[in-house]
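Scroll down for the structure; my scribbles are underneath it.
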There are 4 protein chains.
Amino acid sequence: MIIVLKAGVTTEQIDHVIQRVESLGLRAHLSRGTYRTIIGVIGDEQQVAAAPLEAIPGVAEVVPILPPYKLASRDAHPEPSVIDVGGVLFGGGHLALIAGPCAVESAERLDAIAAAVRQAGAGILRGGAFKPRTSPYAFQGLAEDGLRILRQVGDKHGMPVVTEVMDPRRVELVAEYTDMIQIGARNMQNFNLLTEVGRFQKPVLLKRGMSATVEDLLMSAEYILSQGNPNVVLCERGVKGFDPSTRNVFDVSAVPNCHGLSHLPIIVDPSHATGRPDLIPACALAGVAAGADGVHIEVHNCPEEALSDGPQALLPEQFAQVAEQIRALATLLGKTLSVPPGASR
Amino acid sequence: MIIVLKAGVTTEQIDHVIQRVESLGLRAHLSRGTYRTIIGVIGDEQQVAAAPLEAIPGVAEVVPILPPYKLASRDAHPEPSVIDVGGVLFGGGHLALIAGPCAVESAERLDAIAAAVRQAGAGILRGGAFKPRTSPYAFQGLAEDGLRILRQVGDKHGMPVVTEVMDPRRVELVAEYTDMIQIGARNMQNFNLLTEVGRFQKPVLLKRGMSATVEDLLMSAEYILSQGNPNVVLCERGVKGFDPSTRNVFDVSAVPNCHGLSHLPIIVDPSHATGRPDLIPACALAGVAAGADGVHIEVHNCPEEALSDGPQALLPEQFAQVAEQIRALATLLGKTLSVPPGASR
Amino acid sequence: MIIVLKAGVTTEQIDHVIQRVESLGLRAHLSRGTYRTIIGVIGDEQQVAAAPLEAIPGVAEVVPILPPYKLASRDAHPEPSVIDVGGVLFGGGHLALIAGPCAVESAERLDAIAAAVRQAGAGILRGGAFKPRTSPYAFQGLAEDGLRILRQVGDKHGMPVVTEVMDPRRVELVAEYTDMIQIGARNMQNFNLLTEVGRFQKPVLLKRGMSATVEDLLMSAEYILSQGNPNVVLCERGVKGFDPSTRNVFDVSAVPNCHGLSHLPIIVDPSHATGRPDLIPACALAGVAAGADGVHIEVHNCPEEALSDGPQALLPEQFAQVAEQIRALATLLGKTLSVPPGASR
Amino acid sequence: MIIVLKAGVTTEQIDHVIQRVESLGLRAHLSRGTYRTIIGVIGDEQQVAAAPLEAIPGVAEVVPILPPYKLASRDAHPEPSVIDVGGVLFGGGHLALIAGPCAVESAERLDAIAAAVRQAGAGILRGGAFKPRTSPYAFQGLAEDGLRILRQVGDKHGMPVVTEVMDPRRVELVAEYTDMIQIGARNMQNFNLLTEVGRFQKPVLLKRGMSATVEDLLMSAEYILSQGNPNVVLCERGVKGFDPSTRNVFDVSAVPNCHGLSHLPIIVDPSHATGRPDLIPACALAGVAAGADGVHIEVHNCPEEALSDGPQALLPEQFAQVAEQIRALATLLGKTLSVPPGASR
């Protein structure tokens, strides 16, 4: 950590800063420049990360050097983590597809969609039972009935399942029914929820918030890891941007960026990132080419009747086509498309 | 609602769209242009807001005309709402100051700060007991002990108090101890939490999310209102931007923008919007000049020892100065600075 | 075009709007809904695009239906355009690599870099002679000397060359020396410059501005096309974002987005989009996987001595590696990597 | 300047960095921490600002300490600059209003508008003769005829005039006709244009680019100042944001932010910042309350017939009202509304 002092800082102020640094158990190393004086802080930076050194009179700026996360960092774990979700693998050369409707609407509909995506190569079935809707008047999900249907349909097709949890009171319930718990973008900094899912060993799909930096995303992963749950898969799903022609901006650079900083796998969700079926296949391939460890795509067999996010769903045949292209690209990159154990392909 | 059809749409597709609109209980009004055909949807637009009409083959775009919120809209309630928090008023010509430290740290420290801000003209005392911290290793707040201290200090100085709630399981607890419940920016779309605070009559301070549009903010207010709690005060506290020189971008235009669309009062929080004490006074005055119904400012008597957000706090004497300027500006605008009943000024 | 009227609009106001529409040579089609009245405008929308209909009393909103560009649109030219730059092709299944240093620094250095990138498969040599520098104190380029060196080195290695022009007074000069003229991001809406390059037939590399929507980019292309120059290659090079960990946000979705709206080829520039050599290869591949018609990468053989943007340059051996990966990916996608006529590979 | 080295940096690499720093005429001060080693660079930082130290192997990050602008900084000129535009003053307690139509359309129309805004308290008349239009098919301005009309109407009403220049070839022409030259947001980083206007002593109104940081804005001012023209007035006119309900985000914090960093006056332009007449008055007052040295507002007497940006213009009577409020606010703040010499008020 480096403390940059203001022009005109007094000797008393400098002494006070040094004293404060030393009172926190670190050493201070003064360096007087032509225009400015700086203090190098030597010792465990994370010990002082929370100390408001910038508030000390005479301090212009505090420049951290180490990242504020530990368990999520690649320094702590140089090899890529491989996360196992009911036999389907993410990371370390394994790539998996998560597919299914935005919301679980009925057993029949989910069954038809599951059969199609399973056949096309999807590893994990998704479907929302609790839906975060901008409007209080919109369909909010089937709740526990939805969880039950998801579990049954997943079992029938031999697919692990993932669904979103929004409420810390329902983490245990959701964990009982599913193989992977999703934290949605709007809850990426719902710290109570992160803490709660950290208490289980169930894999977590952690989506990047719409205004979260890559560092923010890794800090949220750190919340989960620090509770004892190492099974986190990150997900890039678009950040806020100024161009109304897409729902969000698909930040594909987050994939190599996270891979450089962290050992955790990261997948991409072009459905939410773009909100446009015509852009989803190209962005899915872009994500895989950038090194993503998986792709999350919403699929519906009758988008115009979908109870949530219909306009952004791919049809099963569109999904089959992009899945085929992803498989070919994965092969070129020397990666394996992971499917559930016992699956024919 | 207007449905714009794609170039080359077929008659069958048009018929299908019309049929779908009518099946939802509305009327369709076809209008063929030179290049494009459009369908005007006549009836209660909110009935079909959730129907994924964009997913119907042949549909290019769906243009809503009415806002998706009802109870929060000015159409529903043409007069500005006046929200009463323990005798301190927001809205309709009343302006109030909320001040206090980021976190409740100890009874002694809070007492000293409360005495100072009360004296300077603050109407409501703030202090966090549950803190949403980016890092799991940072100070998380004193929890119920913090609530107890906040209540005691508020009572001693005759000030209503406000604190943040992050977890739906603690809404009842927080409501017991405080006069106003704050929903923080990171939880603006934590819909379970919104629903929960909507079940009480306790006033809610709803902060705008960092990537929330003004419409998103009003939709979140609608969640609370639709549960039966009409006491919502909105708060502009900065949105994400690209300039690292400020923590966020203080979107002062949200003040007149919300006033045009909604009857709810809106205050500004220049502390979180800028993250820089040197910019807070100017931005506080800007907010009031733009019509804000209050100002929220973090104050600490020893920022360098603050356990949270110290570097952005004003000192009590800085707060007193800006409070004085706000009072003068309010007078110029024909507004009243609201203080607790029994207060000398 | 659809004109949405305000609630409470009077009959006189409606008549006035209709009259105004008709005075512009179009027909108006009134449609009264339950809550709002709308007017469909029938005829050539582009005729009225510039008329400030939103300023007419009683008008709430004007919703355009057709895109505001004509010549750049896919409607006008359904097949993808193939742009030929000295025998190197962009678009319609042809993919080309543009490589070279940020700035032309000396004949020797450029010669060494050109030999390396040519060998690795680059089709076109780049190098700046006029540099847009944020600081007036930074190296501004070698001007005409730089153009001369670029031409000589390009000729020696049998490579067409591209360089940026910033000043309308120098378009003719730049056109004399080069095979392709670059309009940089900061000048994407320098309309005088666009008009000037539109007067030549020389291919133009038009970079997307940092705060330009895809529609803005296509409107700037329209400026060039409307002057009679059809040879425009678009370039996605990152838009402004809030995460300081990358220089810009690489909006890879712009590639399929532009392909859907326009016949013009679009390439990607991961060097400027990310500003980080460690992210460039992954983003280059992402762009190609998304359908890009080329890739632009800055290469320098001694980045620490570069006079401009050294920290973001790839070394020649890093470029050779990513070029090889791009070639393999292009083959998988059924595309051809275009190299100059006479090149061995 | 501080150079942070990578973990695992070798002694040879450290020596190479130090050698490089010393070869640039500066001294290096090594400081080994527990986890990282840093090098403090002592001497004139601006000498090495352009050296790509980040590209040296072993370097993780380079942290500048001094701002990259000199002439624009408050360090260089502690007192606020007062800029005189034909007797109308900006800065140092003087506040002026710039008003007029987006474009000069005809002598009659401009005359009527000028009379009205002059009467209401405007100090300077604006009107575009060269218009930067997104569409090549939109009205581009009356060119020199527009300049002539602007000059004549300004003279008739005793008002200095300002107009935009977009092309370096026309700076001299524009300077002949006007009292102040405007650089528009789209040209804030058109460095040739900045250099050109820097060669005259004519005051420059420099608008902030839509994706420019405050530092970028000050660097563009530095271009002008470094050519010898000290007469620069900055202008905040909104930055790109994600909420489509306003044209841009009005970043009012830029006013105190610039005042802290620079001696140059800064005004606000709520017309372009919001694009909405209903928000302009509140934002104008917000800007003045935040300390702005002036306000720029577009005014038109028949917005529905305006040839450019009609929907965002205020009517003369709306302008008169906000001008009156600004005057009252300026008085409260102890500032003077500056009007042309000889004006009655």
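The values are calculated or read from the model by the stated rules, or taken from the named source; none is laboratory data. Quick caveat, the model's predicted, so the values are computed rather than measured. Counting neighbours? That spans all protein chains shown, and the Cβs are built from the backbone with ideal geometry, glycine included. Note: accessible area is taken over every heavy atom of the protein model, side chains too, but ligands, DNA and RNA are not part of it. Shrake-Rupley method; radii C 1.70, N 1.55, O 1.52, S 1.80 Å.
Taking the criterion of being in contact with a strand residue (DSSP E or B) (Cβ under 6 Å, 6 or more places away or on another chain) and more than 14 Å from chain C (Cβ to nearest Cβ), the residues of the stretch B:73-83 that qualify are B:P80, B:S81, B:V82, B:I83.
From B:R148, B:R118, B:R133, which residue is part of a loop (DSSP other than H, G, I, E, B) and either in contact with a strand residue (DSSP E or B) (Cβ under 6 Å, 6 or more places away or on another chain) or not polar (S, T, N, Q) (or both)? Lay out the reasoning, then the answer.
On the way: B:R148 fails: part of a loop (DSSP other than H, G, I, E, B); B:R118 fails: part of a loop (DSSP other than H, G, I, E, B).
Being part of a loop (DSSP other than H, G, I, E, B) and either in contact with a strand residue (DSSP E or B) (Cβ under 6 Å, 6 or more places away or on another chain) or not polar (S, T, N, Q) (or both) holds for just one of B:R148, B:R118, B:R133, which is B:R133.
All conditions but one from (1) under 20 Å from B:C102 (Cβ atoms); (2) open to solvent by 20 Å² or more (accessible area, probe 1.4 Å); (3) among the acidic types (D, E) apply to B:E298; the one that does not is (2). Checking the structure you have, find out if any residue of the stretch D:72-84 is open to solvent by 10 Å² or more (accessible area, probe 1.4 Å) and modelled with pLDDT under 90. Scanning the stretch D:72-84 turns up at least one residue that is open to solvent by 10 Å² or more (accessible area, probe 1.4 Å) and modelled with pLDDT under 90. Would you confirm whether or not the stretch D:305-324 contains a residue that is open to solvent by 10 Å² or more (accessible area, probe 1.4 Å), under 22 Å from B:L285 (Cα atoms) and out of contact with any Ser or Thr (no Cβ under 6 Å at 6 or more places or on another chain)? Yes, the conditions are met somewhere in the stretch D:305-324. Within the stretch C:53-72, the set of residues being more than 13 Å from chain D (Cβ to nearest Cβ) and of a type in the set (G, A, S) is empty.
Filtering C:A289, C:A284, C:A273 for residues that are over 22 Å from C:V161 (Cα atoms) and either open to solvent by 10 Å² or more (accessible area, probe 1.4 Å) or within 20 Å of the chain's Cα centre (by Cα) (or both) leaves a single hit, C:A289. Selection of first residues in the stretch A:188-199 that are at the interface with chain B (Cβ under 8 Å from one of its Cβ atoms) and more than 9 Å from A:Y223 (Cα to Cα) and of second residues that are part of a helix (DSSP H, G or I) and hydroxyl-bearing (S, T, Y), restricted to Cβ pairs under 7 Å at least 6 apart or on distinct chains, gives the following pairs, ordered by first then second residue: A:Q189/A:S220.
Does D:E298 count as modelled with pLDDT under 95, closer than 25 Å to D:V104 by Cα and among the acidic types (D, E)?
No, not satisfied.
Here A:A122 qualifies as more than 30 Å from A:T11 (Cα to Cα) and open to solvent by less than 10 Å² (accessible area, probe 1.4 Å).
Residue check: is D:I83 under 12 Å from D:V162 (Cα atoms) and among the β-branched types (V, I, T)?
Working: under 12 Å from D:V162 (Cα atoms): no; among the β-branched types (V, I, T): yes.
For D:I83, the condition - under 12 Å from D:V162 (Cα atoms) and among the β-branched types (V, I, T) - is not met.
Looking only at the stretch D:125-148, filter to residues that are out of contact with any Gly (no Cβ under 8 Å at 6 or more places or on another chain) and open to solvent by less than 20 Å² (accessible area, probe 1.4 Å); which one of those is nearest to the other protein chains (Cβ to nearest Cβ)?
Within the stretch D:125-148, the first condition is being out of contact with any Gly (no Cβ under 8 Å at 6 or more places or on another chain), and the residues that meet it are D:133-140, D:142-145, D:147-148.
Filter once more, keeping what is open to solvent by less than 20 Å² (accessible area, probe 1.4 Å): D:138, D:147.
Values: D:A138: 5, D:L147: 16 Å.
Selected residue: D:A138.
What about A:A51, is it open to solvent by 20 Å² or more (accessible area, probe 1.4 Å) and within 35 Å of the chain's Cα centre (by Cα)? Criteria met by A:A51. When we screen B:R345, B:R327 for residues that are modelled with pLDDT of 95 or more and open to solvent by 20 Å² or more (accessible area, probe 1.4 Å), the only hit is B:R327. For the stretch B:97-107, the condition holds for no residue, the condition being that it is within 14 Å of chain A (Cβ to nearest Cβ), in contact with a strand residue (DSSP E or B) (Cβ under 7 Å, 6 or more places away or on another chain) and of a type in the set (V, I, T).
The residues on offer are D:V249, D:V255, and the sole one that is within 17 Å of A:G241 (Cβ to Cβ) and either facing another protein chain (nearest Cβ under 7 Å) or among the aromatic types (F, W, Y) (or both) is D:V249.
Determine whether D:I113 is part of a loop (DSSP other than H, G, I, E, B), in contact (Cβ under 8 Å) with a residue 12 or more places away in the chain, buried (at least 18 other Cβ atoms within 10 Å of the Cβ) and more than 18 Å from the chain's Cα centre (by Cα).
no
For first residues located in the stretch A:143-163 and of a type in the set (K, R), partners that are surrounded by 15 or more Cβ atoms within 10 Å (Cβ to Cβ) and at pLDDT 95 or above and lie 6+ apart or on another chain with Cβ distances below 6 Å form the pairs A:R151/A:Y177.
No other residue among C:P270, C:P230 is touching a residue at least 12 places away in the same chain (Cβ under 8 Å), under 23 Å from C:G92 (Cα atoms) and in contact with a Cys (Cβ under 8 Å, 6 or more places away or on another chain) apart from C:P270.
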